[in-house]
Amino acid sequence: MQLLPGFRDFYPEDCARRNYIIATWREVARRYGFVEFDGPMLETVELYLKKSGGELVGQLFDFEDKGGRHVTLRPEMTPTLARMVIARERDFKKPIKWFCAPQFFRYEKQQKGRLREFGQLNCDLIGESSVAADAEMVALSIDMLRAFGLDHHDFVVRVSDRDAWKAFLDAHGSFDETRLAEFLQIVDKIERDRPEATEAKLQPFGISLEEVRAFIADPGTHFERFNALAAELDARGLKGFYQLDPTIVRGLAYYTGLVFEVFDRKKTLRAVAGGGRYDNLLNVMSDGKCTLPAIGFGMGDVVLSELIAATPAAAAKMKAWIARRHAADVYIVIAAEARRADALGLVQALRGRGYRVDYPLSSVKVGKQFQAAEQAGARCALVIGEEWPRLKLKTLATREEALVELKELPALLGPSHLSPVSPVSSSPGFLAS
Ligand code: HAM
């Protein structure tokens, strides 16, 4: 039984890492006032054919469903988001600030940083066309990565502007909206393609590679939007986290104006995030009924995981979070089997108060139970023996021991890991405070 290529099994340690990433994404998105939404996993192919365009159309995980509909697993969120906003535009206060962090599917060739199923954070701000909104989104992408313990030595946001390239084509008498995408594809591959191949592709535009390179090296005043954005980012103390890079043009068809991608500084990974303005998408999808401008970005969990793993400070932060999250608060050591029923009552009462509690399911030597307590990462062990209803509280890190009364436990144990949604006041009344 084989795992399909490009898909992942999530063993508990993988799930822990994924949970960490999603929890961090959620926390930072909420700090910026974004609220979570989601859409269906399956959509009609039609939604992506014109809207997403580019390579994505060839990567759809599509099939015919039993009702004869041509459907696809979602390859990205933006068209779904646009559809949802258009359907209930009037219900939402502007600007709309939404995020989601689900799974997406693209039939890509499996390789480093590229799978067929991946998680992707999406943050989108709809209904605001100002550069202040652009700055808010770029700052959010930066803070997303800083929250993982990554800083400007580890990553950089490369910013560009499709409008600047429009102006470039215009200046060369070659601007034609329908051919803009084709031209941008050439720019997109300029660092990877052989110069002769690029030269040949540019010929129909009547533009030489040298002219394109000269523009990239010195774009003059064409990137005014970038300068305004830079001023906003600097005011936030984010100088050093971004740079102008005219070669960033983005592969998806719906982008207009400002675009950006986030890369690791060492340039060993593919983009960890990418996005930009898509001021016409809602207009086009609603046949002119909804004209809201928009900007957003997507950040993938595959590349982010690789970046975290390659950055010691970030890897240590993730490890500490997982250890904290998974550790038990208390391990109940049953030193006298005759007291098992009392131990079970205590286990239940502590769990009801939100403590993470573990204990041996069968009669086990006390030494083995202490080993299990260490493995569970428990802060302390409560030893239930002949002294009952008193019991020994052992702090595992310091090995200190004290004989305590049951009613003293809540104060001695401190706050529980999780505040229970509603504390369960189960049987033993001895923990009532
Ligand atoms: P995208 O550039 O296609 O943009 O994807 C954003 C990020 O998702 C990429 O930088 C990469 O980290 C990750 N990603 C994409 N495809 C894969 C894959 N096959 N395997 C692993 N990771 C992948 C979008 O999807 C836009 N819809 C983002 C957006 C939101 N623009 C505006 N709002």
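Got at least one residue in the range 12-34 being under 15 Å from Leu281 (Cβ atoms), within 24 Å of the chain's Cα centre (by Cα), surrounded by 16 or more Cβ atoms within 10 Å (Cβ to Cβ) and assigned by TED's automatic domain parsing to the domain that holds Lys289? The answer is no, given that none of the residues of the range 12-34 is under 15 Å from Leu281 (Cβ atoms), within 24 Å of the chain's Cα centre (by Cα), surrounded by 16 or more Cβ atoms within 10 Å (Cβ to Cβ) and assigned by TED's automatic domain parsing to the domain that holds Lys289.
Restricted to the range 254-274, and to residues there that are assigned to a strand (DSSP E or B) and in contact (Cβ under 8 Å) with a residue 60 or more places away in the chain, the residue that is farthest from the chain's Cα centre (by Cα) is Leu258. Is there any pair with a first residue in the range 139-166 that is in the same structural domain as Ile295 (by TED's automatic domain parsing) and surrounded by fewer than 20 Cβ atoms within 10 Å (Cβ to Cβ) and a second that is assigned to a helix (DSSP H, G or I) and modelled with pLDDT under 95 whose Cβ atoms are under 8 Å apart and which are 6 or more apart or on different chains, and what are they? Filtered contacts from the range 139-166: Asp163/Arg225; Lys166/Leu180.
Within the range 102-130, residues that are free of Cβ contacts under 8 Å to residues at least 24 places away in the same chain reach no partner that is basic (Lys, Arg) and more than 10 Å from the ligand (Cβ to nearest atom) with beta carbons closer than 9 Å at six or more positions or on different chains.
Evaluate the following for Gly149: is it at pLDDT 95 or above and either closer than 26 Å to Glu27 by Cβ or near the ligand (Cβ under 10 Å from one of its atoms) (or both)? Before you say what the answer is, go through the steps one by one.
Working: at pLDDT 95 or above: yes; either closer than 26 Å to Glu27 by Cβ or near the ligand (Cβ under 10 Å from one of its atoms) (or both): yes.
Answer is yes for this residue.
Only residues that are in contact with an Asp or Glu (Cβ under 7 Å, 6 or more places away or on another chain) and within 12 Å of the ligand (Cβ to nearest atom) were counted in the range 25-55, giving 1. Just one of the listed residues (Met1, Met84) is more than 12 Å from the ligand (Cβ to nearest atom), farther than 30 Å from His326 by Cα and not assigned by TED's automatic domain parsing to the domain that holds Gly296, and it is Met1.
The set of residues in the range 250-288 being small (Gly, Ala, Ser) and within 9 Å of the ligand (Cβ to nearest atom) consists of Gly251, Ala271, Ala273, Gly274, Gly275, Gly276.
The values are calculated or read from the model by the stated rules, or taken from the named source; none is laboratory data. Every value quoted in this text rests on a predicted model; they were computed, and no experiment measured them. Note: ideal-geometry Cβ built from the backbone for every residue, glycine included; neighbour counts use all protein chains shown.
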